[in-house]
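Have a look at the structure below before the remarks.
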Protein chains: 2
Amino acid sequence: MSLVVQKFGGSSVADAASVKRVAKRIVEYRRTGHDVVVVVSAMGDSTDDLIDLAKDVSPVPPARELDMLLTAGERISMAVLAMAIANLGFRAQSFTGSQAGVITDESHGRARIIDVTPGRIQSALGEGNIAIVAGFQGVSQNTKNITTLGRGGSDTTAVALAAALGADVCEIYTDVDGVFTADPRIVPPASRVHKISYEEMLEMAASGAKILHLRSVEYARRYGVPVHVRSSFSQHTGTWVTDGPIPADFRTTDDKDDTSMEQAIISGVAHDRSEAKLTVVGVPDVPGKAARIFQVLSGHEINIDMIVQNISTRDPGRTDISFTLPMDDGAKAIAGLEAAKEEIGFDHLRYDDQIGKLSVVGAGMRSHPGVTANLFDALSKAHINIDMISTSEIRISVVTRAELLDDAVRAAHTAYGLDSDESEAIVYGGTGR
Amino acid sequence: MSLVVQKFGGSSVADAASVKRVAKRIVEYRRTGHDVVVVVSAMGDSTDDLIDLAKDVSPVPPARELDMLLTAGERISMAVLAMAIANLGFRAQSFTGSQAGVITDESHGRARIIDVTPGRIQSALGEGNIAIVAGFQGVSQNTKNITTLGRGGSDTTAVALAAALGADVCEIYTDVDGVFTADPRIVPPASRVHKISYEEMLEMAASGAKILHLRSVEYARRYGVPVHVRSSFSQHTGTWVTDGPIPADFRTTDDKDDTSMEQAIISGVAHDRSEAKLTVVGVPDVPGKAARIFQVLSGHEINIDMIVQNISTRDPGRTDISFTLPMDDGAKAIAGLEAAKEEIGFDHLRYDDQIGKLSVVGAGMRSHPGVTANLFDALSKAHINIDMISTSEIRISVVTRAELLDDAVRAAHTAYGLDSDESEAIVYGGTGR
């Protein structure tokens, strides 16, 4: 007998009919004799509706109260799902994040899970229940306040619970068939990735692929939880995120057939339109000035991504420092830096939110030289200028103009042989990275 | 400095605009330097909406899950109210029933409060917060499941918290001006009752006056909490429920003027359309048979109200036993008794849901004979037949045909001199009860 954690997102439980459909699916699995823990998000757009309600009474609602409010969303979906399961003749009990033992730090709105103590879940399973757990939420360790984990946090709840319970698999049900080599809305010949390593998935998630919450992948890697991302609207195999083999009990015919596909050098092409570029123009070229800029930003809790430093276009004794950051933090960053303008001594700021970031991710890069050259070649042939570049061991990211991003993604996807009709054709060679 | 618990019902927080209005009212009071704990119900009809959602997935939702679902309603209203208060520049923190220490038994859907341990509320007050508490809900003592107290339960939360915190006053804000001598929709000349004893209020609540939850009055009496029922839409004094004087700090000009009105013999005329009458026809007139009937009913957790036993109309060796019960329990009672038909040996059941109950309540009955005669006389003059009668020390209840109930209420209201234009005219005399 195995234990599976199944997570259903808001689009899978958008209304009563969807809840019933999901209940049926859960019960079908439970009928095979396995234990099931279900993590569920709020129904459909209900979280947005609650945010709208908050904004109706307060332009800047206190974070503690906003968390209290938003957690009502999963409370509703989990109770309704438990009812729908009970109506099919199975036992089910729902649990809030707090009841499920999801202990977090005190950061309202983007709390991190510190510990999971799922004693009540284990008892419920022991009594023959399907346990339904509210995603996205927990309780803070010291003040015992209700916290939320941020958008997409239900994925993390699911993986963290799977780790704490020693589950065999964590299944993330969503409205697409899994992780794709690129966004199929931009690249129609994109294909489903059958299996991907934690590290690659981390890079994909960090590069704008929205299919899994970044922290959920970190959690999965740390505890070695095999994650299966799949559609709640079909029975197809989706994408396995794991460094090991696909767990034997969970292999389907699909899984046995296409192990050959696991050798791809490039797993996928991710893109991100949510960042902006801020340039600090005319920074005195004196030790400590750059550090001061980034201290100011981190003091405002702004995560920056790519950084480039150039000799200033205005004054050879000064430098221009450019970096990318989430567009949502743009105003805050500008205000913070302007306040420190005299101290740092820069000339002015230049803000650009019309940028796009493309990332190519693949563990095969480590052993296959030429991957970078191949990308630059493809982009150049498509007449796309590269504005900034950053790399990790298994990722190359470039910033382009926003309006050229789709073209860039298509060019890269084709260049790495990921278009589904030619997916095995590519050979890298040449100049190294 | 005093401490007040203020309870706002769903109609007072029906939408964002109402929430802001209530927040303003709370803040105005807080500004006077007093501590405030607010108990709030779910917004408007949201509890009904949640019940509808539950019914969409399950005809008979499990009680534990229904409680989990319904408690989302207050979670939303309390967080939004806390935000609205914060937006006015005051500190506010919201607490679920569980966080507020409202400990109940395990009876989902109609749990009773066993204990209140409001440590977190006291801390929040100590830190200068207005504490907002979810009404209607608690956490069960043994299983730590979330429970609800039943319709109107927020009143009980408020009074129980007021008792546990040693509050000076518990204010129940509603959409009417207080307790009336009769329902003004039926009796236009009904007037507001200025002050009423716990005992009278208990009888009124038990007799169908919906303004206060019965258990909240029991709680108030047990702990001597002065309750002030008033409108959230005006600043008028409402109705004081207390056996003592109106607390000095909370007296208004109104209160000083009309102490004379406190001498009324009859406090009010309540009515109830929610009961039905069930007659067990042809019960063998043997010891233990009647007891067996009521054992069966209590085994199904059905509360019966009035009971009448007569010689059977069909067989002088048998009796007919009639009783009233909540209409909602009718089907359950019939099924339970039919199952025990052979054992009890009755002939058949007769069910009548077209009855109405009128109750006249007043502590003055004890010392003023003639009150009953006066009622019968008034009803007879209005050509209203009385079907059943029951009395307590301070209440007379009669059952009439449902369609005559309004006429009966009006006749009684007039007969006891409660019509507001003649409110001091009545003298009882005569035949005793």
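Assorted remarks:
- Filtered residues of the range A:144-153 (kept if open to solvent by 10 Å² or more (accessible area, probe 1.4 Å) and modelled with pLDDT of 95 or more): A:144, A:145, A:146
- Residue tally, condition more than 30 Å from residue A:43 (Cβ to Cβ) and among the basic types (Lys, Arg), over the range A:164-203: 1
- Residue among B:371, B:399 that alone is of a type in the set (Val, Ile, Thr) and within 30 Å of residue B:107 (Cβ to Cβ): B:399
- Scanning the range B:4-16 for residues that are touching a helix residue (DSSP H, G or I) at 6+ places or on another chain (Cβ under 6 Å) and away from chain A (no Cβ under 13 Å) yields B:5, B:7, B:8, B:12.
- Complete set of residues in the range B:13-38 that are basic (Lys, Arg) and over 22 Å from residue B:165 (Cβ atoms): B:20, B:21, B:24
- Scanning the range B:162-207 for residues that are farther than 13 Å from residue B:230 by Cβ, among the charged types (D, E, K, R) and open to solvent by 20 Å² or more (accessible area, probe 1.4 Å) returns B:168, B:183, B:185, B:199, B:203.
- The strands (runs of 3 or more DSSP E) found wholly in the range B:87-139 and carrying at least 2 residues that are away from chain A (no Cβ under 14 Å) and crowded, with 16+ Cβ neighbours inside 10 Å occupy B:102-104, B:113-116.
- Conditions (1) open to solvent by 30 Å² or more (accessible area, probe 1.4 Å); (2) touching a residue at least 24 places away in the same chain (Cβ under 8 Å): number failed by residue B:32: (2)
- Unique match (being free of Cβ contacts under 8 Å to residues at least 60 places away in the same chain, within 11 Å of another protein chain (Cβ to nearest Cβ) and not in a helix (DSSP H, G or I)) among A:43, A:78: A:43
- Note on the range A:227-242: residues that are out of contact with any Leu (no Cβ under 8 Å at 6 or more places or on another chain) and open to solvent by less than 20 Å² (accessible area, probe 1.4 Å) total 8.
- Odd one out for residue A:361 among (1) out of contact with any Gly (no Cβ under 7 Å at 6 or more places or on another chain); (2) hydrophobic (A, V, I, L, M, F, W, C); (3) closer than 23 Å to residue A:395 by Cα: (1)
- Residue that is nearest to the chain's Cα centre (by Cα), among those in the range B:17-40 that are away from every other protein chain (no Cβ under 13 Å) and among the charged types (D, E, K, R): B:25
- Of the residues making up the range A:196-242, just one is part of a helix (DSSP H, G or I), more than 12 Å from the chain's Cα centre (by Cα) and without any contact (Cβ under 8 Å) to a residue 24 or more places away in the chain, namely A:221.
- Of all residues in the range A:46-73, those being of a type in the set (A, V, I, L, M), within 8 Å of chain B (Cβ to nearest Cβ) and in contact (Cβ under 8 Å) with a residue 12 or more places away in the chain number 7.
- Residue count for the range B:340-377, restricted to those that are touching a strand residue (DSSP E or B) at 6+ places or on another chain (Cβ under 6 Å), farther than 25 Å from residue B:274 by Cβ and either of a type in the set (Asp, Glu) or free of Cβ contacts under 8 Å to residues at least 12 places away in the same chain (or both): 1.
The values are calculated or read from the model by the stated rules, or taken from the named source; none is laboratory data. Computed from a predicted structure; not experimentally measured. FYI the Cβ positions are ideal-geometry reconstructions off the backbone, even for glycines, and counts take in every protein chain you see. These accessible areas exclude ligands, DNA and RNA; they are computed on the full protein's heavy atoms, side chains included. Shrake-Rupley method; radii C 1.70, N 1.55, O 1.52, S 1.80 Å.
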